[in-house]
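Only the coordinates and a few stated rules stand behind these numbers; no lab work does. If you're wondering where the values come from, they're calculated on a predicted model, not measured in any experiment. All Cβ positions, even for glycine, are placed from backbone atoms using ideal geometry, and neighbour counts span all protein chains on display.
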Amino acid sequence: MLRFNEDIEKEIVNVIKEYEFANKADDYLNYDFEGEKVIFSLSIAKGEMLPVDALQKIGEIIGGCFEYITVVNMEYRFYYTYSDKCVCKMEL
């Protein structure tokens with residue numbers, strides 16, 4: 001299974017900690033790789049929507065570009081891509 005190295009995972013957890021892990025004992029990061037995309041999943045019941053600056057910071061950490069958000073099975077799913085056709089133009 002493809003994973004980020006431990007240091008990158010810790011940096012990402014630190015970004016989202018105040019939104020999802022505030023009331024949890026563990027800092028488990030839920031994500032998966034799908035082709036040129038990385039998909040992060042955060043529980044709606046245990047967290048909140050990440051703000052634009054947090055989404056951009058995660059993109060910087062992983063060297064990817066934030067693309068879009070969906071809600072699936074009571075989870076927020078945040079999609080990042082490594083494609084040359086990245087259209088990441090979010091403003092704060």
Segment 6-82, Kirkwood Rh and Cα Rg, ratio Rg/Rh at 0.92
Around Tyr80 (Cβ within 12 Å, Cβ-to-Cβ, excluding Tyr80; K/R +1, D/E -1) the net charge comes to -2
Relative contact order for segment 6-82: what is it in percent, counting Cα pairs under 8 Å that are at least 6 residues apart?
31
